[in-house]
Amino acid sequence: MTNKSNSLTTLTLGYPRIGEKREVKKALESYWAKKISSDELYTTIEDIEKSNWQKQIDAGIDLIAVGDMSLYDHILDWTVYLGLIPSRFKSFTGLQQYFAMARGADGIPALEMTKWFDTNYHYLVPEIEADCQPCNNFQGFLNQVKRGQNILVKSANPIIISPVTLVALSRYEGSLRENVEKLLPLYQSLLEELKGYGITEIQIHEPILVTDETAEVKEATIKTYEIFNQVGLAINLVTYFEDLGNNYGWVINLPVEAISLDFTRGNNLDLLQKYGFPSDKRLGVGIVDARNVWQVNYAQVQDVLETVKTVTTNISIQPSASLQFVPLDVEREVNLPAHLRNILSFAQQKLIELKMLSTEGNGQFWQEKNDKWQSFKALAPHRPGVQEKVKGLTVEDFQRTLSYEERIKQQIKLPIFPTTTIGSFPQTKKLRRLRLNYKKGELSLQEYQEAIDKEIAECIKLQEDIGLDVLVHGEFERTDMVEFFGQRLSGFAFTDSGWVQSYGSRYVRPPIIFGDVERNEPMTIREFKIAQALTDKPVKGMLTGPVTMLNWSFPRADISRKHQAFQIALALQAEVADLQEAGALIIQMDEPAFREGLPLKTALWADYLTWAVDAFRLASAIALPVTQIHTHMCYSEFGDIIKDIEKMDADVISIENSRSNNRTLEEVTTAGYNHQIGNGVYDIHSPVVPSIQQMVKQLEEGIKNLPLQQIWVNPDCGLKTRHWNEVIPALTNMVEATKIIRQQA
Ligand code: GLN
Ligand code: ZN
């Protein structure tokens, strides 16, 4: 691509693929329900693809990513393009096979799903079986490229997921190198084919290079680009989410035309200044933040660009990663206050920013932006009191008054193997309608609350009948565990259409933290009191923890995440105090997103873990010794951070049981975890009602690993997505299983 005078090349790395009105979700669900044909499904996808390209053309982007559209997940797409089909799916073909791998079918489990680096997007983990014969199945991809070329002509810039990154993220046998080498001939033929199409440049996504460096990855990467180089197609090697770290030195010397780096996270700017950059390569400057929703801070970005230009002037201007991690268009958010909306930038706005950054003489444009930032700052609810409070925190604020061993003597006495649930009970259609009616003003607050209270009463009665030891109110008043609290705190904003894909057809609307966080009034006390008044059994006060609130939101960019987590923690601390005052003997503060905040480089873990643990402690340390603090985490892989989790100093933790091999319990025992733990006795993600025997077996495993007094009995997550006719027999069986175990103990 030749540079026009005074203008830098602009390039994109992927665009949101869900459609402005969530068309893809709707089409997928209709297809699964057999209401539309596969042709209709493809038409939807291609329409969105086309309109995405048009938007990028209209914005004047020079090199436009092609191949970012997906029916479910782009990693699954590449798994299929390469013929990496695990044998259990071989009896299926076509779309049936694709969706069986994504979602399971006929009792055959789907591929495992896991988080895409440190984002909240989940990909399907490829399984490369030892005897797997990869094969060329690129037609779907090539069709996409053809369509792109028809519309974009020379701008079409195909995205290729590198074999190194793909294998590194897979489950495989043997070495990384031999698995990569198996795939190289296929990639080579694909590149040849693209060259034949007249494609000028491709982008190869290689995010694995920002994780801890390993000799294996280095070796496989060097080999790969040696082979790719032989094709004679211009390659842009693309990395994102962090800096190249120790990989920098050798990566910049790989035989490629361009290297793209993220300048919004990590230390790439330092590396660039320290080690220079080859003059014969283009540097892709990922400067427009693809992971957050704030408009470019022009002065800051200019500083970075000026520094970059002291090293090399052969640069392109890009988003830091694919724009799939931000919502589509801020113009739709008519319900946000104007002064906030004016400084937000979603995918559509980011395209304009790219263009404006790439050309000179846009002083007016940036001046207007700057004015908008200024008026936001003047109006934003900054609360000096909160910032002062955070600055004035002392060691005692993070410390419960007695040690775990001392305080549990004072806490509530329960039968051995106490039974409980994680908090939510089924969110029925009726309930959702109720909330909607209230939102629309068709129900008064009083009518709404009466209806909620009726649900609570039925739920308490049910739990008593089943014979659970520790009850919950059921969370019927909550839409979402972060949204519910965010709406009751200052400093959080919510969008109407700010959807971002989490996985497949599941999208989320992350809240935006825009100002200081403070609790305006009690948030959960009314429902707690209603529930506790109905029973002699203890009811848990139920809160969402500070780290999860932060990790599932778009954070502010002007203060640190740590500071934001502490602000949220202080707001929750006030709620803990009020719950205690209202008579709660047990308070649960969920932290399902605690682990996902872990940085990509292990060298950075300690810093995150220190403040994340502190945030939880700050929120909970106000609890009196008699108050039992619980937490809940939606995963069971914490062998590597178990000691940090112990430092959170919760009295009881409940966790997911998906690794049914009980490795978690072994890790917990080996590490010497001393607090109480409820290793979910059944998987709530499945509609299957677990049998008594199955749960007895699960509990027997627990007994082998842990002292009896340490074990709790609970499902592995909240029950809100299940139906009552699944929940009632499941919990009844759980209590029966506990009775059997109690007799054996
Ligand atoms: N208390 C919440 C619930 O039961 C926890 C949800 C979660 O772990 N994600 O729904
Ligand atoms: Zn959970």
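For this structure, a couple of remarks:
- Secondary structure note: in the chain, about 20% of the DSSP beta bridges are antiparallel.
- Shape class of the stretch 384-521 from the Cα gyration tensor (axes a ≥ b ≥ c, square roots of the eigenvalues): oblate, since a/c reaches 1.5 or more and a/b does not exceed b/c.
- Distant-in-sequence amide contacts of Ser654, defined by a placed amide H-H separation under 5 Å and a gap of 5 or more residues or a different chain, comprise Thr631, His632, Met633, Gly678.
- Additional length obtainable on full extension of the chain from Lys697 to Asn253, 0.36 nm per residue less Cα span: 154.3 nm
- Ranked list, fewest to most other Cβ atoms within 10 Å of each Cβ, for Trp724, Trp366: Trp724, Trp366
- Taken along the Cα-to-beta-carbon direction at a fixed 7 Å, the label points for Arg383 and Asp39 span 5.9 nm.
- Nearest 10 degrees, 0 to 90: helix 139-152 Cα axis against the chain principal axis: 60
- Less than 5 angstrom separates the built amide H of Leu489 from none of the residues sequence-distant by 5 or more or on a different chain.
- Pairs spanning more than 26 Å between alpha-carbon atoms, out of Lys529/Lys739; Lys439/Lys720; Lys309/Lys391: Lys529/Lys739; Lys309/Lys391.
- Using θ = phi - 60° in the Karplus curve 6.51 cos²θ - 1.76 cosθ + 1.60, the 3J(HN,Hα) couplings for the stretch 561-573 round to 5, 4, 4, 5, 5, 5, 4, 5, 4, 5, 5, 6, 4 Hz; x is entered for Gly and Pro.
- Karplus-derived 3J(HN,Hα), 6.51/-1.76/1.60, for each residue of the stretch 639-655, Hz, glycine and proline x: x, 7, 10, 4, 5, 6, 5, 4, 5, 4, 6, 6, 6, 9, 10, 10, 9
- Local net charge near Ala737, Cβ-Cβ under 11 Å (Lys/Arg +1, Asp/Glu -1): +1
- Cα-based shape type of the stretch 1-140, given that a ≥ b ≥ c are square roots of the gyration tensor eigenvalues and the cut on a/c is 1.5: prolate
- Using C-alpha pairs under 8 Å with a sequence gap of at least 6, the mean separation divided by the residue count of the stretch 31-159 gives a relative contact order of 32 percent.
- Under the criterion of Cα pairs below 8 Å and six or more residues apart, the relative contact order for the stretch 222-379 equals 20 percent.
- Counting only alpha carbon atoms, the long axis of helix 605-620 and the longest principal axis of the chain meet at about 30°.
- Relative contact order (%) - criterion: Cα under 8 Å, at least six apart; region: the chain: 11
- Computed [θ] at 222 nm, helices only, for the chain once each DSSP H run of length n ≥ 4 contributes -39500 (n - 2.57): -13000 deg cm²/dmol
- Around the Cα centre of the chain, unit charges on the Cβ atoms of Lys, Arg, Asp and Glu (plus for the first two, minus for the last two) sum to a dipole of about 1080 debye.
- The stretch 670-706 and the stretch 576-633: distance between their alpha carbon centers, rounded to Å: 23
- Highest mean packing first, where packing is the average number of other Cβ atoms within 10 Å per residue, the peptides 327-335, 303-311, 34-42 line up as 327-335, 303-311, 34-42.
- Size descriptors for the chain, from the alpha-carbon set: Rg then Dmax equal 26.7, 83 Å.
- ³J(HN,Hα) computed for each position of the stretch 417-434 - Karplus, 6.51 cos²θ - 1.76 cosθ + 1.60, integer Hz, glycine/proline x: 6, x, 9, 7, 10, 8, x, 8, 10, x, 9, 7, 4, 4, 5, 5, 5, 4
- Full extension of the chain between Ala574 and Glu306 gives 91.9 nm of extra length, using 0.36 nm per residue less the Cα-Cα distance.
- FRET E, pair Glu23, His723, Förster distance 35 Å, beta-carbon r, rounded to 0.05: 0.80
- Close amide-amide hydrogen proximity is noted between Ile161 and His205, each under 5 Å apart and 5 or more residues distant or on a separate chain (H modeled in the peptide plane; Pro and chain starts excluded).
- R0 of 35 Å, Cβ-Cβ distance Glu637-Ile222: FRET efficiency to nearest 0.05: 0.65
- Qualifying aspartates and glutamates (Cα of each under 20 Å from Cα of Lys537; at least 8 residues distant if same chain): Asp453, Glu455, Glu458, Glu464, Asp465, Asp469, Glu475, Glu527, Asp578, Glu581, Asp651, Glu736
Readers should treat all values here as calculations from the given coordinates under stated rules, not as data from a laboratory. These figures come from a predicted structure and were not determined experimentally. Glycine also receives a Cβ, built like all others from the backbone with ideal geometry; neighbour counts cover every protein chain displayed.
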